[in-house]
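One structure is given here, and the rest of the page talks about it.
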Amino acid sequence: MRAAVWHGKRDVRVETVPDPSLKEPTDAIIEITTTGLCGSDLHLYTILGAFMTEGDILGHEGMGVVLEVGSDVTNIAPGDRVVVPFQIACGHCFMCTSGLQTQCETTQVREHGTGAALFGYSKLYGAVAGAQAEYLRVPEADYGPIKVPEGPVDDRFVYLSDVLPTAWQAVEYASIPPGGSVAVLGLGPIGDMACRIALHRGAERVIGIDLVPERLERARQRGVDVVDASSNGDVVSEVRELTAGRGPDAVIDAVGMEAHGSPVAHAAHRVVSILPDALAERLMTRAGVDRLAALHAAIELVRRGGTVSIVGVYGGMTDPMPMMTLFDKQIQLRMGQANVRRWVDDLMPLVADDPLGLEDFATHRLPLEQAPQAYADFQAKRDGTVKVLFKPEPRAA
């Protein structure tokens, strides 16, 4: 099959690799019809390369048609149309039944002390082959895949794999009071969708903050108040002017470790990226430092007694936190990978009625063969790239 394969920092190639096969009776094989490029894929493209192995298949946002199932899989069958959540969860352990599927005790990667295995996301999360490919092996397939109806286009459903539940959980964790306000830092795919969901759920004022003109305009067209972080203005003052002088009730950090600013941490990231993998891995796991500009901005922006919901990915182990400010302002922090299955029942009506504009959400729909250029454009924020969907070419009969 053809697949997007990692070969090094900023080096993604589409190559022919062996087809996946069933390894366990709980596996299924899916023929991918649509697969997404996620902002967190860019961390593998640059910063987290020390945890990758040359030849790893990328991607964790996929949907398609079931081709084959193992003997223990009864909830899906060949021919079913399914979306595959980005994490691999069993559905029956303590964590899964508590609604914390990203902490699944069956698939936790204990070797590295991390949570549930993820598709296409380095050895930190199980080194499981990813979904930017023609075919995907799905472990724990009796629970994970979400059956969806025939008819509506893939664009209506594929975001159930990651974007929708991640943005929904970010808003849920933000605890925006009825008629309240929220600022969203970063208007990439997750931040953009979080704005849409916050408005849909009744937030009176949603403020989107970004550096990229196209992203700001895209949010403005959906009814979001936007603040350009690249201007010479004071972002904090602008946001407070929009929120009765006290700041928003909640702030969602949808940026994470790749925030602009934090020059020392940026330099550290550059150093890590050129070290031998074994040394870089030890440095990241024992002394990693993130670029915390976005998180520090969130803490400064939020009103006293408010909530900061962190959905952008961080990976540092020794990040300095402004504990005095957090304590003084009585700020609540919530964070974590989205527990996809927990939110499916809430999200399905939105997929059916599409008040969030799912069918028009992607900015680029490309053949899988164009993945290398798409990664480069997305990382550089070129060509208005916000959300890319890949369409693998159907294999000839």
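Between Glu393 and Glu359, the modelled label-to-label distance comes to 2.8 nm, taking each label 7 Å out from Cα in the direction of the beta carbon. Projecting label points 7 angstrom from Cα along Cα→Cβ for His112 and Glu204 puts them 4.5 nm apart.
Cut-off 18 Å, label point 7 angstrom out along Cα-to-Cβ of Arg382: give me the residues of the stretch 202-216 whose amide nitrogen falls inside. 212-215, by backbone N distance to the label point.
The gain in end-to-end length when the Asp11 to Arg334 segment is fully stretched comes to 112.9 nm, 0.36 nm per residue minus the alpha carbon separation. In terms of Cα atoms, the Rg and Dmax of the stretch 131-237 work out to 16.8, 53 Å. Residues in the stretch 305-310 carry Karplus couplings, in order, of x, x, 10, 10, 9, 9 Hz; the curve used is 6.51 cos²θ - 1.76 cosθ + 1.60 with θ = phi - 60°, and Gly or Pro positions show x.
Ordering Thr102, Gly233, Ala194 by Cα displacement along the dipole of the chain toward the positive end leaves Gly233 in first place; charges were set at the Cβ atoms of Lys, Arg (+1) and Asp, Glu (-1).
Relative contact order for the chain: 18 percent, from Cα pairs under 8 Å spaced at least 6 residues apart, divided by residue count. Neighbours of Ile176, meaning other residues whose beta-carbon lies under 11 angstrom from its beta-carbon, give a summed charge of -1 when Lys and Arg score +1 and Asp and Glu score -1.
Taking 30 Å as the limit for the C-alpha separation, the pairs Lys123/Lys391; Lys329/Lys387; Lys23/Lys391 exceed it in the case of Lys329/Lys387.
A simple charge model with +1 on the Cβ of Lys and Arg, -1 on the Cβ of Asp and Glu and nothing else charged puts the dipole of the chain at about 840 debye relative to its Cα centre. Taking label points 7 Å from Cα along the Cα-to-Cβ direction, Glu54 and Ser237 give a separation of 5.3 nm. Protection proxy ranking of 27-34, 355-362, by the mean of other Cβ atoms within 10 Å over each peptide's residues and highest first, is 27-34, 355-362.
Read through the labelled values (1) 67, 47, 43; (2) 78, 65, 41; (3) 62, 50, 44 and report the label of the one computed as Cα extents along the principal axes in Å from the structure. Computed from the coordinates, Cα extents along the principal axes in Å corresponds to (3).
The numbers here are math on the coordinates, done by the rules we state, and not lab data. All of these numbers come straight from a predicted model, not from anything done at the bench. Backbone-built Cβ (ideal geometry, glycine too); neighbour counts: all protein chains shown.
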